[in-house]
Amino acid sequence: MEKQNEMRLEFDSRSVNEGFARVAVAAFLAELNPTLDELADIKTAVSEAVTNAIIHGYENEAGKVSLLCRIDGEEIEIVVSDTGKGIADVEQAKAPFFTTKPELERSGMGFAFMEAFMDDVQVESELEKGTAVYMKKRIGRKDDC
């Protein structure tokens, strides 16, 4: 029987909740029995997406971040979304080392890390309406596939 499961969370756009999101996703993912490397990759990608929503989406103002996790077979899909300011140019934002907050010593590698650690990353954004980051990863895939 195919494994299917889904969970949704919504939390305040506070930096302390980035750790909460990581732990929630890790706990939800446990049924797929991921390796430590797979788990670390997913937690890092979630951290980057949540941090982007807080710092860039809301610019540290009050807002809500939504987290959706869906397991379908051996694949997990994670959607991190906000209703913040949005991204003017998604392709530019995804470019390595691009940052709109150099004064915060941001590396500009958030999307690059997400893309490196996940199998698929898609970003949808509309100015003044928010951003959604869709990430997928197959658990248990061999490197030689």
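The values are calculated or read from the model by the stated rules, or taken from the named source; none is laboratory data. It should be emphasised that the depicted structure is a prediction, and the values quoted were computed from it without experimental measurement. As a convention, Cβ positions derive from the backbone with ideal geometry for all residues, glycine included, and neighbour counts pool all protein chains shown. Accessible surface is based on the protein model in full, side chains and every heavy atom, while ligands, DNA and RNA are left aside. Shrake-Rupley method; radii C 1.70, N 1.55, O 1.52, S 1.80 Å.
Peptide packing for 127-137, 35-45, 78-88 was compared via the average number of neighbouring C-beta atoms within 10 Å per residue; ordered from the highest value, the list is 78-88, 127-137, 35-45. Loop-only check: which GluC sites (Glu not before Pro) in region 39-90 are DSSP coil with at most 10 other Cβ within 10 angstrom? In loop regions of region 39-90 (DSSP not H, G, I, E or B), the sparsely surrounded GluC sites (Glu not before Pro) are 61. Working note: Karplus 6.51/-1.76/1.60 with θ = phi - 60° gives region 63-69 the couplings x, 10, 10, 9, 10, 10, 10 Hz, where Gly and Pro are set to x. Here's how it looks for residue 63: its modeled amide H is under 5 Å from those of 13, which are all 5 or more places away or on a different chain.
To put it simply, the accessible area of region 1-55 at a 1.4 Å probe is 49 percent carbon and sulfur. Between residue 66 and residue 91, the simple spin-label model (points 7 angstrom out along Cα→Cβ) gives 2.8 nm.
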